[in-house]
1. Could you do me a favour and compute the accessible area per residue for the chain, 1.4 Å probe, result in Å²?
2. Solvent-accessible area of L58, probe 1.4 Å, all protein chains present, reported in Å² to the nearest ten, please.
3. Report the residues of segment 94-114 in range of a label on E209: point 7 Å along Cα→C-beta, backbone N strictly under 12 Å from it.
4. Determine the shape class of segment 63-166: with a ≥ b ≥ c the square roots of the Cα gyration tensor eigenvalues, call it rounded for a/c under 1.5, and otherwise prolate if a/b is greater than b/c, oblate otherwise.
5. Can you show me the helix-derived [θ] at 222 nm for the chain, built from DSSP H runs with n ≥ 4 at -39,500 (n - 2.57) apiece and divided by the number of residues, rounded to the nearest 500.
6. Using r as the Cβ-Cβ distance of E200 and Q62, and R0 as 41 Å, what FRET efficiency do you calculate, to the nearest 0.05?
7. Just reorder H68, H176 by solvent-accessible area, largest first, 1.4 Å probe, all chains present.
8. With a ≥ b ≥ c the root eigenvalues of the C-alpha gyration tensor of segment 43-93, is it rounded (a/c under 1.5), prolate (a/b larger than b/c) or oblate?
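The values are calculated or read from the model by the stated rules, or taken from the named source; none is laboratory data. Small disclaimer: the values here were computed from a predicted structure and weren't measured. A quick note on method: Cβ atoms are made from the backbone with ideal geometry, for glycine too, and the neighbour counts reach across all protein chains shown. In case anyone asks, the SASA skips ligands and DNA or RNA and just uses the protein heavy atoms, side chains included. Shrake-Rupley method; radii C 1.70, N 1.55, O 1.52, S 1.80 Å.
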Amino acid sequence: VKVWGLVAAAGSGVRMGEGGPKQFREVAGRPLFVHTLGALLEPGVIDGITVAVAEGFLARAQEIVSEHLATDVPIDCVAGGATRQESVYRGLVSIAGRGIDIVVIHDAARPLVSPETVRAAVDGAAAFGAAVAAVPAAEASCLAEGGFIAAYVDRTRHYTIQTPQAFRFDIIMAAHEKARSAGTTDAVDDGVLVRGMGEEVAVVAGSPENVKVTYIEDLNRITKYTEGRPVKK
Ligand code: C5P
């Protein structure tokens, strides 16, 4: 089984303030997305990675990869698009025709993903065609409208969805093509596009640590998670 990683790293990181896109900000001496690539490679189940980055950062991103990662796994960078969905789609197009069975789509902004979660996503995709990492809601939850509770959500069935999300290549490509022809360009994630084709999406174990880095304070938390990963010392 050929398994490929696809990392969405083309966001602008506007919410982080000054200092450029968050995936290029240095944390513990390395750009954030280097930690993310290291985390994806840690379980040893991924044969290569494609990183979608903003067009203007292509050269710099490739430079950073060769500078910081000590691995034989091929890592290439492609230009992303205006939305996450578009960035993922461009990544998929760039790896089509390479005999890839399973693609593991992951946010560059989630450097704390555990090897167990990466494995669970890959295994879930192999077994069911599509699998997303998610965590059960820890607190009471509801849908709210206009400042009032519209409905309580049964906590035992409520999950928060993360990445990685892994798919059989043919399934996720078809899902993206279908969404594009329907005019959808800003899907919240990739699983929703597969559901939109009427396919089942399995839920596998994510973890509360696997946060999406949004604000500068989030960056401070990741410094203790850098051991054991194939990044150059
Ligand atoms: O903006 P948000 O935090 O939801 O982005 C999630 C991930 O998608 C980030 O890793 C970001 O770099 C990526 N992204 C992308 N292309 C875009 C927008 C976001 O690859 N146009």
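1. Accessible area per residue: 48 Å².
2. 50
3. Of the residues in segment 94-114, 111-114 have backbone N under 12 Å from the label point off E209.
4. prolate
5. Here the helix-only value at 222 nm equals -9000 deg cm²/dmol.
6. That gives a FRET efficiency of 0.65.
7. I get H68, H176, largest accessible area first.
8. Numbers: a/c = 3.00, a/b = 1.37, b/c = 2.18.
Oblate.
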